[in-house]
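Q: The structure's right below; bear with me while I get my questions together.
The values are calculated or read from the model by the stated rules, or taken from the named source; none is laboratory data. Just so it is clear, the model here is predicted, and its values are computed rather than measured. No Cβ is skipped: glycine too gets one built from the backbone with ideal geometry, and neighbour counts run over all protein chains shown.
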Protein chains: 2
Amino acid sequence: MNLPRPLLIRDVGEQGLLARLQRFCPPGMIGDDAALLAVVPGLLLVVTEDVLVDGVHFSVGLASPIVTTVAADVGWRAAAANLSDLAAMGASPLGITVGLGLPGELPVAWVEEFYAGLTECLNQYGTVVAGGDICRSPVLTVAIAAFGQVPPNRVIRRSTAQPGDAILVTGSHGASRAGLELLLHPEQGTALTPGDRTSLIRAHQRPNPRLDVIPALWTTQLSDQSAKARITGMDSSDGLADAVLQICRASGVGATLERQRLPLPPALTGWISPAQAIDWALYGGEDFELVLCLPSELAQQVQRRLPGAAIVGSITHGSEVILIDSAGTDEPTRLSLEQGFQHFT
Amino acid sequence: MNLPRPLLIRDVGEQGLLARLQRFCPPGMIGDDAALLAVVPGLLLVVTEDVLVDGVHFSVGLASPIVTTVAADVGWRAAAANLSDLAAMGASPLGITVGLGLPGELPVAWVEEFYAGLTECLNQYGTVVAGGDICRSPVLTVAIAAFGQVPPNRVIRRSTAQPGDAILVTGSHGASRAGLELLLHPEQGTALTPGDRTSLIRAHQRPNPRLDVIPALWTTQLSDQSAKARITGMDSSDGLADAVLQICRASGVGATLERQRLPLPPALTGWISPAQAIDWALYGGEDFELVLCLPSELAQQVQRRLPGAAIVGSITHGSEVILIDSAGTDEPTRLSLEQGFQHFT
């Protein structure tokens with residue numbers, strides 16, 4: 001029996017597709033050469049861009065029936081990654097633009113489900129698709145630019161960490177990598193409860209950018225008379241190790257991380273070895289937490305206000321990032337950027 | 001004899017490439033999760049995104065030695081197209097972000113020349129690369145988001161044209177299409193002078209976004225006591241016919257264009273037929289002029305101030321866009337969007 005052929009991009013053309021996507025955008029935003037957004041006077045504009053490519057960052061599997069089930073997750077993750085970059089700058093979101101390169105043989109339903117997942121994530125954080133572009137491409141490509149705003153004195157940079165600062169992470173690390181493992185190898189993790197399995201997979205498919213951290217950060221700071229703080233930081237999209245290393249390089253400092261303090265998803269215990277769990281936490285990536293460096297007293301207050309946050313180490317003089325084992329079992333290890341990199345190979 | 005193999009993207013990796021591209025960006029812009037830009041208080045933020053794909057919008061010709069000669073033009077055109085979208089909204093530019101999907105086998109020199117052409121165009125209009133993203137892709141893909149600012153009462157929209165408005169174009173149309181023809185078929189246009197040939201090719205390779213029109217527009221309006229004008233418009237990136245049709249559809253009006261008034265590059269006379277020249281002017285695209293609808297008196301003043309500008313017709317009741325021949329030789333023709341479209345085939 002032949003299933004009816006799904007409606008393809010080449011069947012509807014550019015105008016037909018635009019008409020279908022309009023319902024995902026606020027009225028009045030689409031239809032001009034560009035979109036208009038209001039920036040609060042005195043705030044700085046924050047802009048960031050991400051490019052995602054089929055077969056590199058996600059897999060459409062055009063030939064397989066799973067195509068329409070993952071599109072919403074691709075959309076959610078694309079939105080989340082960009083909103084996370086805004087959070088990492090201390091900004092609140094104004095909107096995003098979406099550029100799509102689409103093969104003619106892609107089902108229209110894929111694009112609609114992609115947009116549904118994308119806007120579901122945006123709506124959760126009170127922001128919108130403000131415009132975009134669609135064009136033909138042999139490879140499905142998603143380019144998202146995100147815009148936000150931030151008061152000039154509340155910008156979070158990578159380059160301002162100082163020796164003595166505490167390093168605080170806003171949540172556990174390794175869950176996204178674990179979820180990916182379960183998606184790639186469903187036969188794994190047999191000891192996991194169904195609930196744990198679902199939540200690890202969800203951590204990978206539907207990560208939550210930590211925009212909620214920003215107001216918590218500044219209200220904590222305001223109530224703390226002693227700390228007129230610089231706050232340094234970035235997100236852990238490329239892994240916790242990468243974030244600490246990037247901050248240290250930009251700030252000209254080193255860091256010590258304590259193995260026992262790294263917050264890991266409890267579900268990993270009993271499935272994988274402690275060493276494997278630490279590896280996923282440090283190098284897995286895509287947990288989209290914030291890695292912040294701030295004066296110790298302020299860090300402790302922030303930790304109390306943010307469930308799941310943990311102080312995992314401190315900034316030091318020098319330039320090395322050392323992982324130490326406070327139990328004394330393992331030798332101190334020097335972390336390096338090479339392990340966290342995506343190469344052009 | 002084997003030529004030395006050029007340095008490829010996969011040889012330098014993400015960090016190596018970023019280091020090489022940093023010199024094209026203002027100091028301090030690169031290195032955080034996002035870039036910061038200041039918007040003048042009270043102005044609206046304008047955002048737009050374009051995606052360009054190798055083999056669709058340009059051709060890298062990885063296997064051919066011409067690869068490094070065209071990269072600068074791809075960069076210029078990518079910048080110009082986005083700046084033109086800002087001009088079409090009445091905005092002045094704040095900056096752009098550049099997302100690149102790069103095959104590992106692409107020469108590093110291609111990306112550097114692309115950036116050189118891109119920033120040459122941006123510099124000419126006083127703006128900058130404010131950030132971006134690079135990633136691996138099987139197909140070279142360029143995604144550019146551009147940001148600008150505009151006073152709320154000076155936004156140029158597509159939807160505000162009214163019957164009686166004059167239709168003004170800021171320059172001649174068809175040169176970009178003619179330049180493309182000469183690049184694709186160098187044996188053509190033997191009657192052209194070398195200067196004309198060069199300038200047509202240059203019109204295609206190095207189009208100039210009309211950001212200069214915006215201040216001219218508003219200073220004209222200020223000096224004209226009678227016209228508290230709405231100004232309607234868009235750019236002619238997809239062709240003059242497409243621009244008029246899009247404006248008419250968005251505004252719920254029709255238009256009449258006069259064949260004799262369409263400004264054509266003089267070089268086309270004596271090379272191609274008048275009918276062919278009109279076709280290239282209407283449907284060729286990529287001339288990146290502005291198509292503006294404004295009260296007749298204001299249109300005449302703007303025309304006097306902008307060398308090359310021409311009033312080509314007027315907005316009418318109804319919904320049809322008719323091309324008329326004031327010499328009476330040709331029958332009136334109804335223009336349609338179908339001829340100007342890029343399909344997903």
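Q: Residue by residue through the range A:307-344, note down the ones that are more than 30 Å from B:ASP133 (Cβ to Cβ), at pLDDT 90 or above and assigned to a loop (DSSP other than H, G, I, E, B).
A: Residues satisfying the conditions are A:PRO307, A:HIS317, A:GLY318, A:ASP325, A:PRO332.
Q: Tally up the residues in the range A:95-120 that are outside any helix (DSSP H, G or I), more than 11 Å from chain B (Cβ to nearest Cβ) and crowded, with 22+ Cβ neighbours inside 10 Å, please. Give the derivation first.
A: As a first pass, look at the range A:95-120 and keep what is outside any helix (DSSP H, G or I): A:95-107.
Restricting the remaining residues to those that are more than 11 Å from chain B (Cβ to nearest Cβ) gives A:107.
Keeping just the survivors that are crowded, with 22+ Cβ neighbours inside 10 Å gives none.
Of the residues in that region, 0 qualify.
Q: Please state which one of A:ALA146, A:ALA130, A:ALA161 is among the aliphatic types (A, V, I, L, M) and within 16 Å of the chain's Cα centre (by Cα). I'd like the intermediate steps shown before the answer.
A: Working: A:ALA130 fails: within 16 Å of the chain's Cα centre (by Cα); A:ALA161 fails: within 16 Å of the chain's Cα centre (by Cα).
Going through A:ALA146, A:ALA130, A:ALA161 in turn, the sole match is A:ALA146.
Q: So A:ALA130 ticks every box in (1) assigned by TED's automatic domain parsing to the domain that holds A:SER59; (2) in contact with a His (Cβ under 7 Å, 6 or more places away or on another chain) but one. Which box is left unticked?
A: (2)
Q: From the list A:ALA250, A:ALA281, A:ALA310, which one is within 14 Å of chain B (Cβ to nearest Cβ) and closer than 16 Å to A:ILE167 by Cα?
A: A:ALA250
Q: A further question on this structure: Assess whether A:GLN124 counts as being outside the structural domain of A:ASP235 (by TED's automatic domain parsing) and of a type in the set (S, T, N, Q). Steps first, answer last, please.
A: Numbers: outside the structural domain of A:ASP235 (by TED's automatic domain parsing): yes; of a type in the set (S, T, N, Q): yes.
Against the criterion (outside the structural domain of A:ASP235 (by TED's automatic domain parsing) and of a type in the set (S, T, N, Q)), A:GLN124 qualifies.
Q: Let me ask something additional. Cβ contacts < 6 Å: first residue under 17 Å from A:GLU113 (Cα atoms) and at pLDDT 90 or above, restricted to the range A:1-21; second residue assigned to a loop (DSSP other than H, G, I, E, B) and of a type in the set (Asp, Glu), any location; separation 6+ or different chain. Result?
A: A:LEU8/A:GLU105
Q: Is the range B:23-40 home to any residue that is more than 25 Å from B:ALA91 (Cα to Cα), facing chain A (nearest Cβ under 9 Å), modelled with pLDDT under 85 and buried (at least 21 other Cβ atoms within 10 Å of the Cβ)?
A: The answer is yes; a qualifying residue exists.
Q: Next question, about the same structure. Restricting to the range A:150-172, count the residues that are polar (S, T, N, Q) and more than 30 Å from A:GLU113 (Cβ to Cβ). Before the answer, list the steps.
A: So the first thing to find is which residues in the range A:150-172 are polar (S, T, N, Q), and the list is A:153, A:159-160, A:162, A:170, A:172.
Imposing the further condition that a residue be more than 30 Å from A:GLU113 (Cβ to Cβ) reduces the set to A:153, A:159-160, A:162.
Residues that pass the stated criteria total 4.
Q: Continuing with this model, one more query. Could you list, in sequence order, the residues of the range B:264-294 that are surrounded by fewer than 20 Cβ atoms within 10 Å (Cβ to Cβ) and closer than 29 Å to B:GLN221 by Cβ?
A: B:LEU264, the sole residue that qualifies.
Q: While we're here: Any residue at all in the range A:48-55 that is of a type outside the set (S, T, N, Q), at pLDDT below 90, surrounded by fewer than 21 Cβ atoms within 10 Å (Cβ to Cβ) and touching a strand residue (DSSP E or B) at 6+ places or on another chain (Cβ under 7 Å)?
A: For the range A:48-55, residues of a type outside the set (S, T, N, Q), at pLDDT below 90, surrounded by fewer than 21 Cβ atoms within 10 Å (Cβ to Cβ) and touching a strand residue (DSSP E or B) at 6+ places or on another chain (Cβ under 7 Å): absent.
Q: Before we move on, is B:ALA109 under 16 Å from B:MET234 (Cα atoms) and in the same structural domain as B:ALA34 (by TED's automatic domain parsing)?
A: no
Q: While we're looking at this one, here's another question. What about A:PRO332, is it touching a residue at least 40 places away in the same chain (Cβ under 8 Å) and surrounded by fewer than 23 Cβ atoms within 10 Å (Cβ to Cβ)? Outline the logic, then answer.
A: Values: touching a residue at least 40 places away in the same chain (Cβ under 8 Å): no; surrounded by fewer than 23 Cβ atoms within 10 Å (Cβ to Cβ): yes.
Here the answer is no, as A:PRO332 does not meet what is asked.
Q: Continuing with this model, one more query. Scanning the range A:70-94 for residues that are farther than 14 Å from A:TYR125 by Cβ and not in a helix (DSSP H, G or I), which turns out nearest to the other protein chains (Cβ to nearest Cβ)?
A: Step by step, filter the range A:70-94, then rank; the result is A:MET89.
Q: Here's a follow-up. Here are B:VAL139, B:VAL129: which of them is in contact (Cβ under 8 Å) with a residue 60 or more places away in the chain and within 15 Å of B:ASP54 (Cβ to Cβ)? Reasoning before the result, please.
A: On the way: B:VAL129 fails: within 15 Å of B:ASP54 (Cβ to Cβ).
Only one candidate qualifies: B:VAL139.
Q: Evaluate the range B:81-99: report whether one residue or more is outside the structural domain of B:PRO207 (by TED's automatic domain parsing) and at pLDDT below 85. Spell out how you get there, then give the answer.
A: Let us first name the residues in the range B:81-99 that are outside the structural domain of B:PRO207 (by TED's automatic domain parsing), namely B:81-99.
This time we only want the ones that are at pLDDT below 85, so: none.
Checked the range B:81-99: no residue is outside the structural domain of B:PRO207 (by TED's automatic domain parsing) and at pLDDT below 85.
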